[in-house]
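The structure appears right after this line, and notes come after that.
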There are 2 protein chains.
Amino acid sequence: MFAEIIAVGSELLTPYRLDTNSLFLTAELNRLGFHVRRKHVVGDNDEDVREVFAGALERVGVVVSCGGLGPTTDDRTREIVAELLRRKLKLNDHVLRAIQERFRALGRTMPDLNARQAMVPEGADILVNERGTAPGLWIPHDGKVVVLLPGPPRELQPMFVQEVKPRLARRGGDVRLYTRELRVAGMPESEVDQRVSPIYAQFPGSETTILAAAGEIQLHPRVWSADESAAMKLLDEMTERFRLALGENLYTTSGETLESVVARELQEHRSTIAVAESCTGGMLAARLTNVPGSSSYFRGGVVSYSNDLKTGWAEVPAELIASKGAVSAEVALAMARGIRRQTNATIGVGITGIAGPSGGSAEKPVGLVHIAMAALAPPADAQHEKEKAFRFPGERERVRLHATQAALDMVRRYFLRTAPPKV
Amino acid sequence: MFAEIIAVGSELLTPYRLDTNSLFLTAELNRLGFHVRRKHVVGDNDEDVREVFAGALERVGVVVSCGGLGPTTDDRTREIVAELLRRKLKLNDHVLRAIQERFRALGRTMPDLNARQAMVPEGADILVNERGTAPGLWIPHDGKVVVLLPGPPRELQPMFVQEVKPRLARRGGDVRLYTRELRVAGMPESEVDQRVSPIYAQFPGSETTILAAAGEIQLHPRVWSADESAAMKLLDEMTERFRLALGENLYTTSGETLESVVARELQEHRSTIAVAESCTGGMLAARLTNVPGSSSYFRGGVVSYSNDLKTGWAEVPAELIASKGAVSAEVALAMARGIRRQTNATIGVGITGIAGPSGGSAEKPVGLVHIAMAALAPPADAQHEKEKAFRFPGERERVRLHATQAALDMVRRYFLRTAPPKV
C-alpha cells in the first residue's frame with residue numbers, strides 16, 4: 001500500500017520555507033499501513049500541479065496534498081484536481097454558510113473571494129476545518145483516493161486526525177508500521193553504528209535508521225507487519241539487543257528528550273537541581289525548565305559570565321579563579337558546589353568553557369568545556385561529585401548545545417549509579 | 001532559466017528527516033539566475049530515481065540532486081543516472097587514490113565497497129569533495145546539465161560553492177534574483193499584512209513572501225532582473241515604502257536576528273545588560289549570549305524560579321511578592337531594577353509569567369507574562385524604566401519564545417528613543 005505527498009505553494013520553492021507537513025503526514029500514513037513512495041513540492045502553476053497529481057495517481061493508491069486551498073487566485077489546487085478527475089465543481093451552501101459564520105464570529109463580513117472555498121467537486125466528501133475557512137476534500141477516484149488538505153499545520157493536523165484517519169483506516173492494508181525511538185548520549189556516532197549495525201542486519205524483517213544530532217544519536221527500528229503482536233515481539237527483541245550493545249549510553253526507548261529523562265529522575269528521587277553556567281549562557285537552565293512542571297525540581301540558575309559573578313552567585317573563591325583560570329576543572333566544580341549551596345538544591349551543575357569563535361588559546365582551545373556536578377552528600381558519606389573536560393567540535397551554537405547535552409547526561413548517569421540522598 | 005532539485009534517500013521518506021539541502025541550493029541557484037521549478041524526494045529505488053531524473057530533464061535545463069553517492073549498495077544515484085544518460089562508468093584512478101588517501105590519513109584501509117565512489121560516467125567532470133569520500137559529478141547532456149552532489153550538508157555546501165557555482169555561472173541567464181530580508185517585531189501578522197500588501201502590489205516586477213514566527217514577521221521582497229542596479233533601486237524603493245508603513249516595528253532590512261540588533265545597540269552605546277528570568281527559564285540569557293562577543297555587553301543572568309531566589313539574586317522585596325504575587329508588574333520591574341544593581345549593568349530586564357500548561361488561574365491565565373526593563377539613570381534624570389503585560393498564545397515553548405522576543409524588542413525600542421547613559 002503506497003501513498004505520495006504533494007506540497008503546493010510557490011513559497012515552498014523559495015529559500016525560506018520547507019514543507020514540514022510531510023513529516024506529520026508520513027508518521028500518520030505509516031501507522032495506517034501506507035508507505036510513502038515519493039514527496040513533491042510544486043509552485044502555484046497549473047501545469048505543474050496537474051502533472052504531479054496525474055503522475056502520483058498512476059503510481060499509488062493514496063495521494064495527499066497540502067496547500068493551494070486558500071481564497072486567493074493563486075490557490076488553484078481544488079480547480080485543477082477537479083478538472084484532472086473530470087468532476088464538476090458545485091457551490092456547497094452548507095460550506096458557504098460555515099465560512100460566512102466564521103467571518104461573522106470575528107466581526108467581519110466574508111469577502112467575495114472566499115466563496116471559492118465553498119466549491120466542492122462532485123462525489124467528494126467535505127473534510128471539516130475547525131481552525132480555518134478552507135475545508136479539505138476527500139475525492140475517491142477509480143478505487144484510489146485524492147485527499148486535499150489546507151497548508152497551515154494547525155489546520156491540517158486536526159483535520160487529518162479527525163476526518164482523514166478514519167476514512168483511510170478502512171482502506172489501509174493489514175500490514176502496518178510499528179516503530180521504536182531509541183536515543184543514545186555520550187557515545188560517538190561511528191561507535192554506535194559499529195555496535196548496532198551487526199544487530200539490525202540480523203533482523204531481516206526490519207529497517208533501522210540512524211540519525212545524529214549534537215551529542216545524541218537516535219535509532220529508529222521499524223517493522224512492517226500484519227501481525228501486531230509479532231511486530232511488537234520483534235521490536236522488543238531488537239530493543240533488547242540494542243540495549244545490551246549500548247549499555248547505559250542508551251537513555252530512552254520511547255523517544256523522550258534527555259531533559260525529560262533527567263526531570264523524571266529528579267522527581268522520582270525527590271531531588272532538586274540548580275545550575276551555574278558560563279559559556280552555555282542559560283541554555284542548560286532553558287532546557288531543564290522546558291519540561292512542564294519543572295518548578296517542582298528546578299531551584300534556579302545563574303549565568304555568571306564574569307569572574308565577580310562566579311564568586312558572588314556561585315561562591316567560587318576569587319583566588320581559585322586567579323590561580324586556575326575561569327575555564328578550569330576546579331572552577332567548574334566550585335560552581336557546581338556553590339550553586340547547590342546557594343539554592344539549597346540537592347544537585348548543583350557547573351559549566352565553564354570556550355564556545356568561540358574567539359577566546360581560544362593553544363592551551364585552552366575553542367570547544368574546551370569543563371562540566372561538573374556536586375550532589376548533597378548523605379551524612380558521613382563522601383561528597384557525590386564528578387568533573388569532566390570535553391573538547392566539542394563545530395561552531396559556537398553547536399559547542400553550547402553539546403555542552404548542555406553532556407551536562408544533562410552527567411546528571412542522568414549519576415542517578416544510574418547512586419541513590420541520591422533525600423532532603 | 002529553470003532548475004529542479006532531487007533529494008535521494010529512503011530516510012527522507014520517514015517521519016524523522018527532512019531534505020534541508022534544498023533551501024541552501026535554492027538560494028544559490030536563485031542568485032545564479034535559476035528559478036527552482038519543482039523539488040522531489042525519492043527513496044533508494046531504481047525505478048523511482050530513474051523516473052524522477054528523466055522527468056526533470058524533460059522540463060528544465062539544470063537538474064541538481066543530493067544523496068545516493070555513498071559506498072553502500074543502496075546508494076545507486078551514480079549508476080542510475082549514468083544508465084539513463086547512456087554513459088559508461090569508468091574507474092577513475094585519480095579519484096580512487098584520493099579516497100584511499102583519505103582513509104590512510106584516518107589510519108584506516110579503504111574498504112572495497114568505497115571503490116564504487118571512484119566510478120565516473122564518461123564526459124563527466126569530477127567535483128572535488130573536501131570533506132568526504134564521495135566526489136560530486138557534473139554531467140553535461142544535450143545542452144542541459146545534471147549535477148550529482150553528496151547528501152551531508154557539510155560536504156555539499158563547500159562543493160557547491162567551489163565547484164558548481166563557477167560552472168553554473170557560465171550557464172546562468174542574465175536575469176538574476178535580488179532580494180532583501182526585512183524583519184518586524186511587536187506587530188501581529190494580520191496588521192503587517194494589511195499595511196504591506198497594498199505596497200508590494202504596486203511593484204509588479206517583484207514578489208514578496210510573508211512568513212510568521214513567534215513574535216516576528218519576515219518579509220522577503222524578491223526581484224528577478226537582468227539589470228542589477230535597476231533591481232537594487234526597485235528593492236530600495238520597496239524597502240523604503242515598507243519602512244514608512246511599518247515604522248519602528250521594522251528592526252532590520254538585512255535579515256539580522258533580534259538579539260544581534262540588540263547586541264549591536266548595546267555595543268554602540270557601550271551599554272551592558274543583565275537579566276532576571278522566571279518563566280523563560282534562561283532562554284533570554286541564552287539568546288543574548290548566542291551572539292559571538294557577547295561577553296562585552298552581557299553581565300550575567302539569573303533564573304529565579306522560586307520567590308526566595310527572586311529576593312536573594314534580584315533584590316525583589318519579599319513583601320512585594322507577598323502583596324502583589326510573583327507574577328505581577330511590580331515584581332517584574334523590581335527584578336529588572338534588582339538584577340541591574342546586582343551586576344552593575346546599565347540595563348536590567350525582568351520577566352515573570354505563566355508559561356503553562358498548568359499554574360494558570362482566571363485572574364492570571366496561562367500565557368500572561370510581565371516584562372520590564374530598568375536602565376541606569378543619568379544623574380538628576382528620572383529612572384529609565386518600562387513595564388508591559390502580555391498575553392501570549394500557544395503552548396509552553398511558544399509562550400516562552402514569545403516572551404524572550406518581546407523582552408529583546410523592549411530593549412531595542414528603548415535605544416530608539418533614548419541615548420542611554422554612559423558608565
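Derivation of every value follows stated rules applied to the coordinates shown; laboratory data play no part. In this text, all values refer to a predicted model and were calculated from it rather than measured experimentally. Counting neighbours? That spans all protein chains shown, and the Cβs are built from the backbone with ideal geometry, glycine included.
In nm, one decimal, shortest first: how far is the label point of A:R108 (7 Å from Cα along Cα to beta carbon) from the matching points in the other copies?
Nearest to farthest, the other copies are at 5.7 nm.
As a footprinting exposure proxy, order B:R86, A:R102 by other Cβ within 10 Å, with the fewest listed first.
Going from sparsest to densest Cβ surroundings: B:R86, A:R102.
Label position 7 Å from Cα toward Cβ: report the copy-to-copy distances for A:E83 in nm, one decimal, ordered from shortest.
In nanometres, ordered from closest: 3.7.
Report the local net charge at A:G255: Lys and Arg +1, Asp and Glu -1, summed over other residues whose C-beta lies under 10 Å from its C-beta. Intermediate results must be reported in sequence, preceding the final value.
Details: positive: A:R180, A:R183; negative: A:E181, A:E256.
Combined, the nearby Lys, Arg, Asp and Glu give 0.
Among A:347-354, A:68-75, A:295-302, how do they line up by average Cβ neighbours within 10 Å per residue, starting with the highest?
The densest-packed peptide leads the list: A:347-354, A:295-302, A:68-75.
Roughly how tilted is helix B:189-200, in degrees to the nearest 10 and between 0 and 90, from the longest Cα axis of chain B?
60 degrees
Quick one: label points 7 angstrom along Cα→Cβ at B:F203, distances to the other copies in nm, smallest first?
Nearest to farthest, the other copies are at 5.5 nm.
Net charge near B:M238: determine it from the other residues with C-beta under 12 Å of the C-beta of B:M238, scoring Lys and Arg +1 and Asp and Glu -1.
+1
Report, ordered by chain and residue number, the lysines lying within cross-link reach of B:K364, taken as a straight Cα distance under 29 Å and ignoring same-chain residues fewer than 8 apart.
In chain and number order, the partners are B:K310, B:K324, B:K386, B:K388.
Can you list residues from other chains, or at least 5 along the same chain, whose modelled amide H is less than 5 Å from the amide H of B:G172?
The list, which skips near neighbours in sequence, is empty: none.
Given charges of +1 on the Cβ of Lys and Arg and -1 on the Cβ of Asp and Glu, with all other atoms neutral, how large is the dipole of chain A about its Cα centre, in debye to the nearest 20?
Once rounded to the nearest 20, the dipole reads 700 debye.
I want the antiparallel fraction of DSSP beta bridges within the protein assembly as shown, as a percent rounded to 5.
65 percent
What is the angle, in °, between the Cα long axis of helix B:396-417 and the longest principal axis of the Cα atoms in chain B? Nearest 10 is fine, range 0 to 90.
For helix B:396-417, the angle is close to 70 degrees.
Could you tell me the distance between the Cα centroids of the range A:152-226 and the range B:220-287, to the nearest Å?
One Cα centre to the other: 39 Å.
Of the beta bridges DSSP finds with both residues in chain A, what % are antiparallel, to the nearest 5?
Percent antiparallel among DSSP bridges in chain A is about 60.
Distance in nm between label sites at B:D308 and B:T73, each 7 Å beyond Cα in the beta-carbon direction?
With each label point 7 Å from Cα toward Cβ, the separation is 6.5 nm.
Taking the rotation axis that maps chain B onto chain A, which residue of B brings its Cβ closest to that axis, and at what distance in whole Å?
Result for the axis mapping B onto A: B:G282, 2.
Given R₀ = 51 Å, FRET efficiency for A:D125-B:D125 by Cβ-Cβ distance, to 0.05?
With a Förster radius of 51 Å, E is 0.45.
Using only DSSP helix segments of four residues or longer, with each worth -39500 (n - 2.57), what per-residue ellipticity at 222 nm results for chain A after dividing by its residue count and rounding to 500?
Helix contribution divided over all residues of chain A: -11500 deg cm²/dmol.
Which one of B:M110, B:M119, B:M335 has the biggest mean-square fluctuation once chain B is modelled by GNM with Cα springs under 10 Å?
Of B:M110, B:M119, B:M335, the most mobile in the Gaussian network model is B:M110.
Against the longest alpha carbon principal axis of chain A, how many degrees, from 0 to 90 and to the nearest 10, is the axis of helix A:258-268 turned?
Tilt of helix A:258-268: around 60 degrees.
Among A:S304, A:S190, A:S65, which one moves the most in a GNM of chain A with springs linking Cα atoms closer than 10 Å?
Of A:S304, A:S190, A:S65, the most mobile in the Gaussian network model is A:S190.
Going by how many other beta carbons lie within 10 Å of each one, how would you line up A:E363, A:E51, fewest first? Provide the component values of the computation, followed by the final result.
Values: A:E363 8, A:E51 18.
Lowest to highest Cβ neighbour count: A:E363, A:E51.
Using 1/(1 + (r/R0)^6) with R0 = 60 angstrom and r between the beta carbons of B:K364 and B:D236, what's the FRET efficiency to the nearest 0.05?
For B:K364 and B:D236, the calculated efficiency is 0.80.
Pick from A:E237, A:E163, A:E101: which residue has the top mean-square fluctuation in a GNM of chain A where Cα pairs under 10 Å get a spring?
A:E101
Taking the alpha-carbon distance from B:K144 and a cut-off under 18 Å, which lysines remain once sequence neighbours fewer than 8 residues away in the same chain are dropped?
Within the straight-line cut-off, B:K144 pairs with B:K39, B:K165.
Could you compute the net charge surrounding B:I354? Neighbours are other residues with a C-beta less than 12 Å from the C-beta of B:I354; K and R count +1, D and E count -1.
+3
Considering only DSSP beta bridges where both residues belong to the range A:176-252, give the percentage that are antiparallel (nearest 5).
The antiparallel fraction comes to roughly 100 percent.
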